[in-house]
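Worksheet: the structure to be examined is printed underneath.
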Amino acid sequence: MRILAGRFKGQRIITKKNLPYRPTKSLVRKSIFDRLNPFNFSLVLDLFSGSGIFGFEAASRGADHITFVEKNSKAIDLIKKNSQNKNNNIIFSYYNADAFKFLKSCNNFDLIFADPPYDNENLEILINSCLSKLSVDGKFILETSTKHSFNNSVKQVKFGESQINIWNN
């Protein structure tokens, strides 16, 4: 998997097939970041980070501080390894934690991306928690299966079985 654009364009992100994550496809990532252009987000939260590709894309496009939250310790170790060659004055924070617990005690973010397991039954709680942690003019992006529908979503974009839901603050 490679970073699509920005200062780290083309850099490879190491992934492992035996880890329990579903990386966001490059077509979906491109669509998301096209909608975020111009990219003016300094503090970025990557929830249910998995491979960390969303956070690395944000860092590549100019974010100053990326916070990765991932419950799987092997995945967070791999995110740390992948961030080693991407310093350029970027602050990376790593939390091997449950996303819902993390959201109870964190500060606000300019951009929050969440890609929970598609069978997650707590999406409304996740949405409300994330919306409460957005900075002024912040955005929250939630990747779900197309089975989910949210009335208060500003924008929904479908990609096969995946759906991107975008809220503005």
Criterion: open to solvent by less than 20 Å² (accessible area, probe 1.4 Å), over 19 Å from Asp46 (Cβ atoms) and of a type in the set (S, T, N, Q) - qualifying residue of Ser145, Ser149: Ser145
Lone qualifier among Leu45, Leu19, Leu27 - being at pLDDT below 90 and either among the acidic types (Asp, Glu) or touching a Phe, Trp or Tyr at 6+ places or on another chain (Cβ under 7 Å) (or both): Leu27
Leading residue by the ranking (modelled with the highest pLDDT) among those in the range 143-169 that are closer than 24 Å to Asp110 by Cα and aromatic (Phe, Trp, Tyr): Trp167
Restricting the range 62-93 to residues that are of a type in the set (A, V, I, L, M, F, W, C) and under 24 Å from Asn120 (Cβ atoms), the residue that is surrounded by the fewest Cβ atoms within 10 Å (Cβ to Cβ): Ile76
Test result for Tyr118, open to solvent by 10 Å² or more (accessible area, probe 1.4 Å), part of a loop (DSSP other than H, G, I, E, B), within 29 Å of Phe8 (Cβ to Cβ) and in contact with a strand residue (DSSP E or B) (Cβ under 8 Å, 6 or more places away or on another chain): yes
Selection count where residues are under 27 Å from Gln156 (Cα atoms), hydrophobic (A, V, I, L, M, F, W, C) and either at pLDDT 90 or above or not in a loop (DSSP other than H, G, I, E, B) (or both), scope the range 1-16: 3
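The values are calculated or read from the model by the stated rules, or taken from the named source; none is laboratory data. Note that the coordinates shown come from a computational prediction; the quantities given were computed from them, not determined experimentally. FYI the Cβ positions are ideal-geometry reconstructions off the backbone, even for glycines, and counts take in every protein chain you see. Side chains are part of the model used for accessible areas, which takes the heavy atoms of the whole protein and leaves out ligands, DNA and RNA. Shrake-Rupley method; radii C 1.70, N 1.55, O 1.52, S 1.80 Å.
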